[in-house]
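A.B. asks: Below is the structure I would like to discuss, written out as structure tokens.
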Amino acid sequence: MSDLIKHIDDPVLEIRNLSVAYNKDKPAVTDVSAGIKKNKVTAIMGPSGCGKSTLLRAINRMHDLYPNIDINGDILLNGEETTNMSTIMLRRKIGMVFQRPNPFPTMSIHDNVIAGYKLNGIRLKKSDRNEIVEKSLRDVALWDEVKDSLTKKGTFLSGGQQQRLCIARALAFRPDMILLDEPTSALDPVATKKVEELLTQLKEHYTILLVTHNMSQAARISDYSMFMYLGELIEYGKTKDMFIKPIDKRTEEYLTGKFS
Amino acid sequence: MENPTLNKRIVKDRLFAGGIFLLSMVTISPIVLIIYKLVSKGYRQINFDFFSKKAPDTYEAMVAVNSGEIIPGGILNGITGTLFMVLIASAMAIPIGLMIGIFLYDQKTKRYAGIVRDIVDILQGVPSIVLGLIAYFWVVKNITHGFSALAGSTALAIMMLPLIIRSTEETLKMIPESIREAGFALGVPYHKIILRVLIPSGFSGLATGILLAISRIIGETAPLMLTALGSMEVNLNMTKPTSAVPLLIWEFYNDPNMIDLIWSSSLFLMMVVLLLNLVSKQLIAKRS
Ligand SMILES: Nc1ncnc2c1ncn2[C@@H]1O[C@H](COP(=O)(O)OP(=O)(O)OP(=O)(O)O)[C@@H](O)[C@H]1O
Ligand SMILES: [Mg+2]
């Protein structure tokens, strides 16, 4: 394995010996350790079923929902154990975007952006509210497209717009980090390109951890890449290095399309 | 260019389509016949008095029938009684039904949820007259010490419960998992997700279930005979005997002078049920 992990200095997030199992005999993630570099895009690649989503969802403790899932190891956000934080605090600091756009169907575009505040009962002044909405929508380059229809339902937007709305919703809390699980796999090429451009801009202010099936996407937009296989982190390094000269044979086979 | 297999297929197709047409006619003819019968026999009695006056007594009706006039009076005491009891029944059954439905959804994999679900299914199969008997023993004997609207409502509420519970559970299940997860990813606690995300998202489904439950109980007669009993007066006291439209129909049936009122009251009841069904269809259509 590339020893680059040790060289990630001042990581926003540190994963230490993380294992996750849906049922005891068959772990989905095995002993993964990695630091995530601040203000960079880090991609997680690997064949279907290798545990990418499972790893990602461990970071903001989405697994808490399902009591049967067995989790071992530590995850530290800015040096603080995530298990010691309340889920609301943790998820304010780590936003998440899903494979399929999932705006709240009963809410307007405006309300979708500030859904995190509304649903948690956090009161905002009207001016703050509008500022957050505008800033978040500008961050995802959606403001000009929707500024005249903020009261319309979010579900009226196109798939790509909906996904950007969901990113805006994740950004509304000004998180340290956003997790994206194959955010473009349900989008057409044009919308995909927009989201990719967006992510490269967003890394200026946020740390981005992106699961992707798509190697060329990882090559295009990520600074660091992880390759996972059968629940293990096989290789982790600068994307350039990994694509030019993978260290592990399995990484090489994956990158050259021997399996997928 | 004769093509025997093609021709054969066309003939088969036509026969099939004809068969389906015939069967659909057979299915819809009862409802058409019922409505035709109700309208042709009942329309004469439907006038302003019908909605604004209490049921006539048998003497008034006899005089009118003998002189060939329409029967005076209406079914106001039945309409108010039905509204009153449906309202009380809804006030009992809707919150409890929603809560149990949410509970079943929330605990779907737990064993006791399965048991509750089975009990709900059994409840749905209990004959309404038996529920009337139960309400009689619970409420008439022990609470209101006499026939009462509350007793009638209790029986109706028990009938509504399984319908509301199941429709609530089904509605919540239909909401995509991804919507729930969007809420969790924002750190929203589970109960707030249910209250502020799932219930609003499933609102039309929940409303549909409630409307169908109401349309299901609004024509119930047997349980009311044992509980609300009926009344010649407009009654809005929960502890007193109360009339209802189906109870009036039964009373009219037992009085040879009031035959005409059977048809108009049935027409009214039928229209209310149809309307409730149409509104809930509309809600379902809006949802998808
Ligand atoms: N809820 C679950 N219950 C049980 N097993 C699960 C569950 N979710 C995932 N798994 C299993 O855990 C393993 C890892 O799944 P995961 O979804 O993390 O893979 P992935 O790398 O994200 O795959 P994909 O690229 O297809 O999204 C797989 O073997 C999968 O079958
Ligand atoms: Mg996945």
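The values are calculated or read from the model by the stated rules, or taken from the named source; none is laboratory data. For clarity, every value in this text was computed on a predicted model and none was experimentally measured. Note that each Cβ is placed from the backbone with ideal geometry, even for glycine, and that neighbours are counted across all protein chains shown. For the accessible areas, the whole protein counts, side chains as well, though only heavy atoms, and no ligand, DNA or RNA atoms are used. Shrake-Rupley method; radii C 1.70, N 1.55, O 1.52, S 1.80 Å.
A.B. asks: Using a 1.4 angstrom probe and counting only protein chains, how large is the accessible area of B:Phe203 in Å², to 10?
C.D. replies: Probe radius 1.4 Å; accessible area of B:Phe203 about 130 Å².
A.B. asks: While we're looking at this one, here's another question. How large a share of the accessible area of segment A:116-215, in percent, is made up of carbon and sulfur atoms when the probe is 1.4 Å and the other protein chains stay in place? Walk me through the numbers before you get to the answer.
C.D. replies: Numbers: 2260 of 4590 Å².
Ligands and nucleic acids excluded, carbon and sulfur give 49 percent.
A.B. asks: Hey, another quick one. Using a simple charge model, +1 on the beta-carbon of Lys and Arg, -1 on the beta-carbon of Asp and Glu, nothing else, what dipole does chain B show about its Cα centre, in debye to the nearest 20? Don't skip to the end; give the middle numbers.
C.D. replies: Working: 24 positive and 18 negative charges, 218 e Å.
Roughly 1040 debye for chain B.
A.B. asks: On a 1.4 Å probe surface of the protein chains, which of B:Phe51, B:Phe21 comes out largest in accessible area, and what is the full order? Could the numbers behind the result be given before it?
C.D. replies: Numbers: B:Phe51 90, B:Phe21 125 Å².
Putting B:Phe51, B:Phe21 in descending order of accessible area: B:Phe21, B:Phe51.
A.B. asks: Still on this structure, I have one more. How large are Rg and Dmax for chain A when only the alpha carbon atoms are used, in Å?
C.D. replies: Radius of gyration, then largest Cα-Cα span, for chain A: 18.2, 56 Å.
A.B. asks: Per residue, how large is the accessible surface of chain B? Use a 1.4 angstrom probe and give square angstrom.
C.D. replies: Working: 15490 Å² over 288 residues.
Here the per-residue accessible area is 54 Å².
A.B. asks: Using alpha-carbon pairs under 8 Å, 6+ residues apart, how would you state the relative contact order of chain A in percent? Intermediate results must be reported in sequence, preceding the final value.
C.D. replies: Working: 491 pairs, mean separation 75.0, N = 260.
Relative contact order here is 29 percent.
A.B. asks: Would you please put B:125-137, A:33-45, B:31-43 in order of how densely packed they are, using the mean number of other Cβ atoms within 10 angstrom per residue and starting with the highest? Intermediate values should be presented prior to the final figure.
C.D. replies: On the way: B:125-137: 16.8, A:33-45: 21.8, B:31-43: 13.5.
So the peptides B:125-137, A:33-45, B:31-43, ranked by packing, come out A:33-45, B:125-137, B:31-43.
A.B. asks: Next up: B:His191 versus A:Ser33, label points 7 Å from Cα toward the beta carbon: distance in nm?
C.D. replies: Going from the B:His191 label point to the A:Ser33 one covers 4.2 nm.
A.B. asks: Looking only at segment B:62-79, which residues have a backbone nitrogen under 14 Å from a spot 7 Å from the Cα of B:Ser52 in the C-beta direction?
C.D. replies: B:73-76
A.B. asks: Let me ask you something else. Kindly report, to the nearest 10 Å², the accessible surface of B:Met238 as traced by a 1.4 Å probe over protein heavy atoms only.
C.D. replies: 90
A.B. asks: How large is ³J(HN,Hα) for each residue in segment B:153-162, as worked out from phi by the Karplus curve 6.51 cos²θ - 1.76 cosθ + 1.60 (θ = phi - 60°), to whole Hz, x for Gly and Pro?
C.D. replies: 4, 4, 4, 5, 4, 5, 5, 6, 3, x
A.B. asks: Please list B:10-16, A:222-228, B:170-176 highest first by mean number of surrounding beta-carbon atoms within 10 Å per residue.
C.D. replies: Details: B:10-16: 10.1, A:222-228: 25.4, B:170-176: 16.4.
The densest-packed peptide leads the list: A:222-228, B:170-176, B:10-16.
A.B. asks: So which of A:Lys93/A:Lys258; A:Lys193/B:Lys281; B:Lys41/B:Lys281 end up more than 32 Å apart, counting from Cα to Cα?
C.D. replies: Numbers: A:Lys93/A:Lys258 38 Å; A:Lys193/B:Lys281 42 Å; B:Lys41/B:Lys281 28 Å.
Those over the limit are A:Lys93/A:Lys258; A:Lys193/B:Lys281.
A.B. asks: Right, here's the next one. Report which residues of segment A:81-130 become buried by 30 Å² or more of accessible surface when going from the isolated chain to the complete set of protein chains (1.4 Å probe; DNA, RNA and ligands ignored).
C.D. replies: A:Arg91, A:Phe98, A:Asn102, A:Phe104, A:Pro105, A:Thr106, A:Leu119, A:Asn120
A.B. asks: Using Cα atoms only, what is the angle between the long axis of helix A:189-202 and the major principal axis of chain A, expressed in degrees (0 to 90) to the nearest 10?
C.D. replies: 90
A.B. asks: Check each residue of segment B:151-199 and keep those whose accessible area, probe 1.4 Å, is at least 20 Å² smaller with all protein chains in place than in the chain alone; give them in order of residue number.
C.D. replies: Residues meeting the cut-off: B:Ser178, B:Ile179, B:Glu181, B:Ala182, B:Phe184, B:Ala185, B:Leu186, B:Gly187, B:Val188, B:Lys192, B:Arg196, B:Val197.
A.B. asks: Let me ask you something else. With each label point set 7 Å from Cα along the Cα-Cβ vector, what nm distance links B:Leu275 and A:Asp248?
C.D. replies: 6.9
A.B. asks: Could you give the distance between the Cα centres of segment B:111-153 and segment B:47-103, to the whole Å?
C.D. replies: After rounding, the separation between the Cα centres reads 22 Å.
A.B. asks: Quote the total accessible area buried by chains B and A together, excluding ligands, DNA and RNA, probe 1.4 Å, nearest 100 Å². Numbers along the way, then the final one.
C.D. replies: On the way: alone 16350 and 12720 Å², together 27400 Å².
That pair hides around 1700 Å² of surface in total.
A.B. asks: Quick check: net charge around B:Asn47, other residues with Cβ under 14 Å of its Cβ, Lys/Arg +1 and Asp/Glu -1? Intermediate results must be reported in sequence, preceding the final value.
C.D. replies: Values: positive: B:Arg44, B:Lys53; negative: B:Asp49, B:Glu69, B:Asp260.
Value of the local net charge: -1.
A.B. asks: Here's another thing I want to ask about it. Report ³J(HN,Hα) in whole Hz for each residue of segment B:207-222, in order, from the Karplus equation J = 6.51 cos²θ - 1.76 cosθ + 1.60 where θ = phi - 60°; Gly and Pro get x.
C.D. replies: After applying 6.51 cos²θ - 1.76 cosθ + 1.60, I find 4, 4, x, 5, 4, 5, 5, 5, 5, 6, 8, 5, x, 5, 10, 3 Hz.
A.B. asks: How large is the charge dipole for the protein assembly as shown, taken about the Cα centre, if only the Cβ atoms of Lys, Arg (+1) and Asp, Glu (-1) carry charge, to the nearest 20 debye?
C.D. replies: On the way: 61 positive and 51 negative charges, 108 e Å.
It works out to roughly 520 debye.
A.B. asks: Sticking with this structure for a sec: GNM, chain B, Cα, under 10 Å: largest mean-square fluctuation among B:Val86, B:Val188, B:Val139?
C.D. replies: Of the options given, B:Val188 has the highest mean-square fluctuation.
A.B. asks: Along the charge dipole of chain B, which of B:Leu6, B:Ile259, B:Tyr112 sits closest to the positive end, that is, farthest toward it, with unit charges on the beta carbon of Lys, Arg, Asp and Glu (+1, +1, -1, -1)?
C.D. replies: Toward the positive end, the furthest listed residue is B:Leu6.
A.B. asks: Report relative contact order for chain B in percent, whole number only (criteria: Cα-Cα under 8 Å, sequence separation at least 6). Walk me through the numbers before you get to the answer.
C.D. replies: Working: 394 pairs, mean separation 73.7, N = 288.
Over chain B, the number comes to 26 percent.
A.B. asks: For the residue pair B:Thr221 and B:Thr109, what label-to-label distance in nm results when each label sits 7 Å from Cα along the Cα-to-beta-carbon direction?
C.D. replies: Spacing of the two 7 Å Cα→Cβ label points: 5.0 nm.
A.B. asks: Dividing the alpha-carbon radius of gyration of segment B:77-287 by 2.2 N^0.38 Å (N being the number of residues), what value is obtained?
C.D. replies: Its radius of gyration relative to the 2.2 N^0.38 Å reference: 1.14.
A.B. asks: On average, how much accessible surface per residue is there in segment A:15-101, in Å², for a 1.4 Å probe, leaving out ligands, DNA and RNA? Walk me through the numbers on the way to the answer.
C.D. replies: Values: 3800 Å² over 87 residues.
For segment A:15-101, the solvent-accessible area averages 44 Å² per residue.
A.B. asks: Kindly flag which residue pairs out of A:Lys38/A:Lys153; A:Lys126/A:Lys147; A:Lys203/A:Lys240; A:Lys37/A:Lys147; A:Lys40/A:Lys126 have an alpha-carbon separation exceeding 26 Å in this structure.
C.D. replies: Numbers: A:Lys38/A:Lys153 34 Å; A:Lys126/A:Lys147 16 Å; A:Lys203/A:Lys240 17 Å; A:Lys37/A:Lys147 34 Å; A:Lys40/A:Lys126 33 Å.
As for pairs spanning more than 26 Å Cα to Cα, those are A:Lys38/A:Lys153; A:Lys37/A:Lys147; A:Lys40/A:Lys126.
A.B. asks: Still on this structure, please answer the following. Among the aspartates and glutamates, select those whose C-alpha is under 12 Å from the C-alpha of A:Lys249, and discard any that sit fewer than 8 residues away in the same chain.
C.D. replies: Once the sequence-local aspartates and glutamates are set aside, what remains near A:Lys249 is A:Glu235.
A.B. asks: Could you work out how far helix A:159-171 tilts from the main Cα principal axis of chain A, as a 0 to 90 degree angle to the nearest 10?
C.D. replies: That works out to roughly 90 degrees.
A.B. asks: Which order do B:Met225, B:Met85 take when ranked by solvent-accessible area (1.4 Å probe, heavy atoms of all protein chains), largest first? Don't skip to the answer; put the middle values down first.
C.D. replies: Numbers: B:Met225 65, B:Met85 0 Å².
So the residues, ranked largest to smallest area, are B:Met225, B:Met85.
A.B. asks: Which sequence of A:Asp181, A:Asp64 reflects their accessible areas, 1.4 Å probe, from the largest down?
C.D. replies: Of A:Asp181, A:Asp64, the descending order of accessible area is A:Asp64, A:Asp181.
A.B. asks: Moving to a separate point now. From the backbone phi of segment B:38-45, what are the Karplus-calculated ³J(HN,Hα) couplings (6.51 cos²θ - 1.76 cosθ + 1.60, θ = phi - 60°) in whole Hz, Gly and Pro given as x?
C.D. replies: 4, 5, 5, 8, x, 4, 4, 7
A.B. asks: So for chain B, taking the charge dipole from beta-carbon charges (+1 Lys/Arg, -1 Asp/Glu), which of B:Pro200, B:Leu278, B:Ile34 sits furthest toward the positive end?
C.D. replies: Checked the options; the winner is B:Pro200.
A.B. asks: Which of the listed residues, A:Cys50, B:Leu23, A:Val190, is farthest toward the dipole's positive end in the protein assembly as shown, when Lys, Arg count +1 and Asp, Glu count -1 at the beta-carbon?
C.D. replies: So the residue furthest toward the plus end is A:Val190.
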